[in-house]
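*Asks:* For reference, the structure I am asking about is given below.
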Amino acid sequence: MKRFIIGVAALVVADCIVPACAADLNYGQPAPYAPYAYSQPYGLYNWGGPYVGANLGYGWGEVGGSLTNPSGFIAGVQAGYNFQNGPWVFGLEGDIQASGADNTVSPWKYTNPWFGTIRGRGGYAFNNILLYGTAGLAFGELRAETIGQSETHTNAGWTVGVGGEVGLTQNWSAKIEYLHVDLSSSRFAITGGANDFSSNVVRVGVNYHFW
């Protein structure tokens, strides 16, 4: 009988002690708060804000009303601003390019010394990978030359393209982009006709983002 009473008492004491100890453990307590990388909820990359960068590429051109196809390397700088709402990213970007595009079909030589664009951008971000489309205004110079004569016209037109950008670090990203640039035609006195310039451009670049 004594053994039975002692056993029951031991069970009662154990039943009181175990819950008290368990209450001291941190079961179910939330983890301490840690700021997410790149200042985006759930650790997502932040594409919003201003940025500047540089690019390098190549353009395959064509002059309307001529057999010449001015093509060559391009290099330039760009700047823009992005707005982000969840995975959707919208923004505005402008760039200016120096171009080595030229071609000669005797007796004519055509060159495109420079061009620039002002474009809207819109895309979808998979965390630090952004895929986007872009379109807007294009402007640039077309120069025609023949024996002892030259003539230059600066025209405005349009551009459209697609691209992809990858966030490398909190502030740096790299991109690859395709643009079709089309400048409106002008009547050249030395050719006696209207000539325009269009180009298919592929370029790579880097951007620095100011968070």
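*Asks:* Please determine, by comparing only the residues of the stretch 132-171 that are of a type in the set (A, V, I, L, M) and assigned to a loop (DSSP other than H, G, I, E, B), which one is nearest to Phe115 (Cα to Cα).
*Replies:* Restricting to residues being of a type in the set (A, V, I, L, M) and assigned to a loop (DSSP other than H, G, I, E, B), the top hit is Ile147.
*Asks:* Oh, and also: Against the condition without any contact (Cβ under 8 Å) to a residue 24 or more places away in the chain, under 30 Å from Phe210 (Cβ atoms), loosely packed, with under 15 Cβ neighbours inside 10 Å and not hydrophobic (A, V, I, L, M, F, W, C), how does Gly164 come out, does it pass? Don't jump to the end; show me each part of the working.
*Replies:* Values: without any contact (Cβ under 8 Å) to a residue 24 or more places away in the chain: no; under 30 Å from Phe210 (Cβ atoms): yes; loosely packed, with under 15 Cβ neighbours inside 10 Å: yes; not hydrophobic (A, V, I, L, M, F, W, C): yes.
When the stated conditions are applied, Gly164 does not pass them.
*Asks:* Given Gly49, Gly61, Gly91, Gly133, which one is among the small types (Gly, Ala, Ser) and closer than 29 Å to Ser150 by Cβ?
*Replies:* Gly61
*Asks:* Scan the stretch 35-45 and tell me whether some residue there is closer than 23 Å to Phe90 by Cβ, part of a loop (DSSP other than H, G, I, E, B), at pLDDT 55 or above and not charged (D, E, K, R).
*Replies:* yes
*Asks:* For the stretch 146-164, state whether one or more residues are over 20 Å from Ile96 (Cα atoms) and in contact with a Pro (Cβ under 8 Å, 6 or more places away or on another chain).
*Replies:* yes
*Asks:* Go through the stretch 172-194 residue by residue and tally those that are without any contact (Cβ under 8 Å) to a residue 40 or more places away in the chain and in a loop (DSSP other than H, G, I, E, B).
*Replies:* 2
*Asks:* Would it be correct to say that Tyr58 is touching a residue at least 60 places away in the same chain (Cβ under 8 Å), of a type in the set (Ser, Thr, Tyr) and in a strand (DSSP E or B)?
*Replies:* yes
*Asks:* A further question follows. Count, please, the residues in the stretch 93-131 that happen to be part of a strand (DSSP E or B) and at positive phi.
*Replies:* So the count comes out to 0.
*Asks:* Looking only at the stretch 162-183, which residues are touching an Asp or Glu at 6+ places or on another chain (Cβ under 6 Å) and among the small types (Gly, Ala, Ser)?
*Replies:* Those that are touching an Asp or Glu at 6+ places or on another chain (Cβ under 6 Å) and among the small types (Gly, Ala, Ser): Gly163, Ser173.
The values are calculated or read from the model by the stated rules, or taken from the named source; none is laboratory data. Just so it is clear, the model here is predicted, and its values are computed rather than measured. All Cβ positions, glycine included, derive from the backbone under ideal geometry; neighbour counts span all protein chains shown.
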